[in-house]
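Student: Right, I'll just put the structure down here and ask away after.
The values are calculated or read from the model by the stated rules, or taken from the named source; none is laboratory data. Since this is a predicted model, take the numbers as computed values, not measurements. Here the Cβ positions follow ideal geometry from the backbone for every residue, glycine too, while neighbour counts run over all protein chains shown.
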Amino acid sequence: MIEFKNVTKAFGNMVAVDSVTFTVDKPQMIGVIGRSGAGKSTFLRLFNRLTPATSGQILVEGTDVLSLKGNAKRRWQKDCAMIFQQFNLVPRLDVVTNVMLGRLNQHGTLRSMFKIFSQRDIDDALAALDRLGLAERALQRVETLSGGQQQRVAIARGLMQEPKIILADEPIASLDPLSAEVVMGSLREIHDRDGITVMCNLHTLDTARAYCDRVIGMAQGKVVFDGPADALTPEAAREIYGAEEGLNESVTSTSISSGAPVRARSNPSAAGQGAQVAEANAATA
Ligand SMILES: Nc1ncnc2c1ncn2[C@@H]1O[C@H](COP(=O)(O)OP(=O)(O)OP(=O)(O)O)[C@@H](O)[C@H]1O
Ligand SMILES: [Mg+2]
């Protein structure tokens, strides 16, 4: 159970996130949409404590994570894995080491400084890579992978945190459509199989419709839409993006929707996902 209560962030006079209030009462795959500057990234960064909030509370199982300090704050950041548009990997390190870096915040300073990993860390990292369809890339330097593969390495690193929630800030914005589908399918599979909430900033309506259960629309820092993905009609989208855009869906669309969009959850079989990952690996190798 997650409760956002009047969460607000101001940068000087500019209110980037304005009294955001909503509840997540069961694990969900949530898409956050809105035009550039609506406050989507700031909102995720507040949740993860990368940016301090100005006021409000975020209660996770009854604890206000916005007021945690020191070790408790670090524990929350471990519980709340963050995936970024630009992956934030270490390009010259190999894939498996990058994944194991997801464990660092669970180890003491000395072990972290010297990057000393246990056999369990190594086994878990290989299992996470296998799950993301990247086992055979383990020893390759990250900089030699495609964007889609790098984003899946970043997701594997997030899984190493054993998170309770995954936050993703435009995880597919730098990817080609096929890689974007594989990355969104991976996040959906993690939600379905691990039963954790995934909250994902997206700039394409069709991606939100195809992969998310619930969509939150933001405009000027406020929540202006909150409903099931099916309720995201063109009228609702116009509200979120502003009528003056003349809402050209192609602006908020990738070619993911140019075929028949398949709701990921209607095809959640691990085998299907594996085949899709293998196909994309072949295509992007
Ligand atoms: N560190 C900062 N200092 C001052 N203003 C900021 C800062 N970070 C964000 N803002 C402002 O807050 C508002 C919301 O920004 P934010 O990055 O959250 O939007 P966004 O919805 O993620 O946009 P985009 O789709 O372009 O990523 C913007 O007006 C932005 O200029
Ligand atoms: Mg952003």
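Student: Which count do you get for residues in the stretch 134-151 that are surrounded by fewer than 15 Cβ atoms within 10 Å (Cβ to Cβ) and among the hydroxyl-bearing types (Ser, Thr, Tyr)?
Tutor: Count: 1.
Student: Just to be sure I understand the filter: pairs with C-beta atoms under 9 Å, separated by 6 or more residues or on different chains, first member in the stretch 8-22 and at positive phi, second member loosely packed, with under 15 Cβ neighbours inside 10 Å and modelled with pLDDT of 95 or more. Which pairs pass?
Tutor: Ser19/Asn6; Ser19/Ser55
Student: Within the stretch 34-89, which residues are within 24 Å of Gly12 (Cα to Cα), part of a helix (DSSP H, G or I) and either away from ligand 2 (no atom under 16 Å from the Cβ) or of a type in the set (Asp, Glu) (or both)?
Tutor: Those that are within 24 Å of Gly12 (Cα to Cα), part of a helix (DSSP H, G or I) and either away from ligand 2 (no atom under 16 Å from the Cβ) or of a type in the set (Asp, Glu) (or both): Val65, Leu66, Ser67.
Student: Here is a list of conditions, (1) touching a helix residue (DSSP H, G or I) at 6+ places or on another chain (Cβ under 8 Å); (2) within 16 Å of ligand 2 (Cβ to nearest atom); (3) assigned to a loop (DSSP other than H, G, I, E, B), and Pro27 meets all of them except one; can you say which number that is?
Tutor: All conditions pass for Pro27, except number (2).
Student: Further, regarding this structure: Yes or no: Val15 β-branched (Val, Ile, Thr), within 9 Å of ligand 1 (Cβ to nearest atom), closer than 17 Å to Met82 by Cα and surrounded by 15 or more Cβ atoms within 10 Å (Cβ to Cβ)?
Tutor: no
Student: Out of (1) in contact (Cβ under 8 Å) with a residue 40 or more places away in the chain; (2) buried (at least 17 other Cβ atoms within 10 Å of the Cβ), the odd one out for Val65 is which?
Tutor: (1)
Student: Got a sec? Which of Glu170, Glu189, Glu162, Glu181 is within 16 Å of ligand 2 (Cβ to nearest atom), among the charged types (D, E, K, R) and modelled with pLDDT of 95 or more?
Tutor: Glu170
Student: Please go through the stretch 178-212 and give me each residue that is in a helix (DSSP H, G or I), closer than 26 Å to Gly37 by Cβ and within 11 Å of the chain's Cα centre (by Cα), ordered by number.
Tutor: Val183, Met184, Leu187
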